[in-house]
Amino acid sequence: MRHQVAVRKLGRTTAHRRAMLRNMVTSLFQHERIRTTTPKAKVARRYAERMITFGKRGDLHARRQAARFINDETVLKKLFDEIAPKMAERPGGYTRILRSGFRKGDAADVAILELVTHSAERTKKGNRKSAERLAEFVVAASPAAKASAGDEGEREAEADQEPELDQ
């Protein structure tokens, strides 16, 4: 039984594991999306969310705590100046893990770890057709659209009935 065992060792020594996680979190903030194995993504998510919380605090002590973990000063600046303000309204859940199948060489379960804001920005900037489809879906799902669609359906039914009465 694994009672009160909080650390996933990932088959590495403590120093190797810590260095790997620091590099992964730094890469996540730099590229806003990384591809890794699912167990590593689950452990890295824990540290990434903690760093974003430091970024939301924004004081000097939080910056120094984050700087102890993040390797690159430009990435640290990006965390505090760009990423954390985007997450200001979120109470947590800053990252997302998307399973993406199995790696060809060793059949390891692979996942994509990304910041939640990353895919929303891609939809706005990216494919215009998918953005238009998303807008149509939102309009069609709104209560006002359903009510107007219901009115149109009644009007069509009345229009169909009226010619029958005239004949």
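The values are calculated or read from the model by the stated rules, or taken from the named source; none is laboratory data. It should be emphasised that the depicted structure is a prediction, and the values quoted were computed from it without experimental measurement. Neighbour counts are summed over all protein chains in view; Cβ atoms, including those assigned to glycine, are modelled from backbone coordinates with ideal geometry.
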Might you let me know whether region 63-72 holds any residue that is touching a strand residue (DSSP E or B) at 6+ places or on another chain (Cβ under 7 Å), surrounded by 14 or more Cβ atoms within 10 Å (Cβ to Cβ) and under 22 Å from residue 12 (Cβ atoms)? no
Take residue 70 and tell me if it is among the aliphatic types (A, V, I, L, M), in the same structural domain as residue 108 (by TED's automatic domain parsing) and in contact (Cβ under 8 Å) with a residue 60 or more places away in the chain. no
So for region 107-122 (the condition being part of a loop (DSSP other than H, G, I, E, B), out of contact with any Lys or Arg (no Cβ under 9 Å at 6 or more places or on another chain) and modelled with pLDDT of 95 or more), does at least one residue qualify? yes
Those residues that are farther than 17 Å from residue 44 by Cα and among the small types (Gly, Ala, Ser), I need them from region 75-99; list them, please. 84, 88
For residue 43, indicate whether it is free of Cβ contacts under 8 Å to residues at least 40 places away in the same chain, surrounded by 15 or more Cβ atoms within 10 Å (Cβ to Cβ) and closer than 19 Å to residue 112 by Cα. yes
Selection from region 89-112 of residues loosely packed, with under 12 Cβ neighbours inside 10 Å and within 20 Å of residue 26 (Cα to Cα) yields 92, 93
